[in-house]
Amino acid sequence: MSFNYSSIIDESLSPDDPLFWSRPTPIDCNPVRIVGIFLCVASFVGIVCNGALLYGFVRYKQLRSPSNIFVMFIAGIGFFASCTILPLTGTSSIYCQWLYQRAGCQFSALVAFLYGCSSSYLLCGVSLSRCYIIVRPFKAKDVTARKCVIISVVAILIAFIWTILPLVGWNEYTMEGARTSCCINWYDRRFSYVSYLFFLFIVVYLIPLIILITANTITVQGLKRMHSKIERGIQTALNARRIAMERRIVKSIIITTCGFIFTWTPYAITFFVSAFRGKDYALPPLTTFLCACFAKTSVIWIPILYISTSTQYSFHFINQQSFEQNVSADRANTVVANGPRLSRKINGLPANDGANGD
């Protein structure tokens with residue numbers, strides 16, 4: 001099914017005209033409003049989940065392992081995205097028109113693509129670090145938290161460069177067909193616009209996807225070979241307990257990675273296909289709108305999947321929190337129970353009530 005975007009794109013209006021940014025959505029407002037409400041709820045969930053991840057990494061040093069450094073940066077960017085792009089798109093969708101003019105559109109689109117680009121590179125960092133540890137276990141100490149911090153910062157800077165290019169003339173940030181969210185201009189057929197889309201698809205989606213699949217496949221195969229050797233009584237670089245722990249970590253990474261790929265793949269394919277078919281035979285605006293919003297919800301799926309599958313996080317954060325609460329409750333009960341005795345001692349009275357002559 002195709003859609004002629006020429007019917008809803010008013011080429012007589014310039015982006016410099018405020019009316020360009022305040023036009024209502026050309027599609028049925030009811031599904032757009034429903035998506036807007038969902039995005040507002042997702043914003044709250046994203047703030048809570050990403051905030052919980054950040055708190056756990058800051059509060060407990062044991063969680064700040066080299067591989068988790070990448071997840072910590074993903075949670076940080078996800079927290080910022082949950083506070084910005086989801087509320088902007090959600091509230092605009094509820095009102096069925098973009099509410100924040102050109103500056104808000106450019107900011108929203110930039111943050112959305114920065115999160116998507118950064119997350120793809122940081123997930124590659126997670127997978128490659130675990131792959132290196134499994135393939136070269138005797139050099140596992142080379143993978144340090146400091147090096148992972150440097151790699152994470154470099155990955156985010158590279159992603160920022162890619163996302164800043166539309167602001168300096170290579171493509172542009174504009175409203176999507178539904179006019180309640182913003183993205184790259186994918187319906188303009190000029191070479192500079194199409195070339196940027198092709199560049200994004202290769203550098204931000206396809207190459208990271210190949211790296212993720214290859215690295216995780218090598219890691220899983222390496223763990224299987226080690227486990228097989230142990231079952232046959234052959235000594236390996238990692239003992240059975242360490243292999244079991246690595247398998248749990250890799251499982252959590254793979255599930256989190258699959259969640260990211262699952263949320264972003266429909267949007268990547270949608271705008272890639274639409275760009276090369278042109279605005280006269282593009283996909284319907286509701287389709288691209290739903291795919292774009294689904295991609296933006298990756299800010300909640302990534303932390304939810306990681307928290308639910310990471311036994312390391314559950315042990316150090318959830319169990320530790322319960323332990324500390326129990327300890328605090330025991331201390332409070334002890335203070336309450338010893339309160340009368342302490343007050344009697346302070347007043348110079350016998351500690352035992354039965355010692356009184358009254």
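The values are calculated or read from the model by the stated rules, or taken from the named source; none is laboratory data. Computed from a predicted model, the values in this text were never measured in an experiment. Note that each Cβ is placed from the backbone with ideal geometry, even for glycine, and that neighbours are counted across all protein chains shown.
Being touching a helix residue (DSSP H, G or I) at 6+ places or on another chain (Cβ under 8 Å) and touching a residue at least 60 places away in the same chain (Cβ under 8 Å) is not true of PHE57.
Filter segment 25-54 down to residues that are closer than 18 Å to CYS291 by Cβ and either of a type in the set (Gly, Ala, Ser) or in contact with an Asp or Glu (Cβ under 9 Å, 6 or more places away or on another chain) (or both), then give me how many there are. Qualifying residue count for the region: 2. Please tell me if ALA109 is touching a Cys at 6+ places or on another chain (Cβ under 7 Å), under 19 Å from ARG23 (Cα atoms), at pLDDT 90 or above and hydrophobic (A, V, I, L, M, F, W, C). Against the criterion (touching a Cys at 6+ places or on another chain (Cβ under 7 Å), under 19 Å from ARG23 (Cα atoms), at pLDDT 90 or above and hydrophobic (A, V, I, L, M, F, W, C)), ALA109 qualifies.
None of ARG102, ARG136 is of a type in the set (Lys, Arg) and touching a Phe, Trp or Tyr at 6+ places or on another chain (Cβ under 9 Å) except ARG102. In segment 184-207, the residues that are within 14 Å of SER274 (Cβ to Cβ) form Cβ pairs under 8 Å with partners that are in a helix (DSSP H, G or I) and among the polar types (S, T, N, Q), at six or more places apart or across chains, as follows: TRP186/SER274; TYR187/SER274.
Return yes when ILE74 is over 27 Å from SER129 (Cβ atoms), at pLDDT 90 or above and surrounded by 17 or more Cβ atoms within 10 Å (Cβ to Cβ) and no when it is not. First the steps, then the outcome.
Values: over 27 Å from SER129 (Cβ atoms): no; at pLDDT 90 or above: yes; surrounded by 17 or more Cβ atoms within 10 Å (Cβ to Cβ): yes.
No, not satisfied.
Would you pick out the residues in segment 55-99 that are over 30 Å from PHE289 (Cβ atoms) and under 13 Å from the mean Cα position of the chain (by Cα)? Break it down into steps so the answer makes sense when it comes.
Kept after step one, since they are over 30 Å from PHE289 (Cβ atoms), are these residues of segment 55-99: 55-70, 72.
The answer is PHE70, MET72.
In this entry, ALA112 passes the filter for residues that are in a helix (DSSP H, G or I) and either in contact with a helix residue (DSSP H, G or I) (Cβ under 7 Å, 6 or more places away or on another chain) or free of Cβ contacts under 8 Å to residues at least 24 places away in the same chain (or both).
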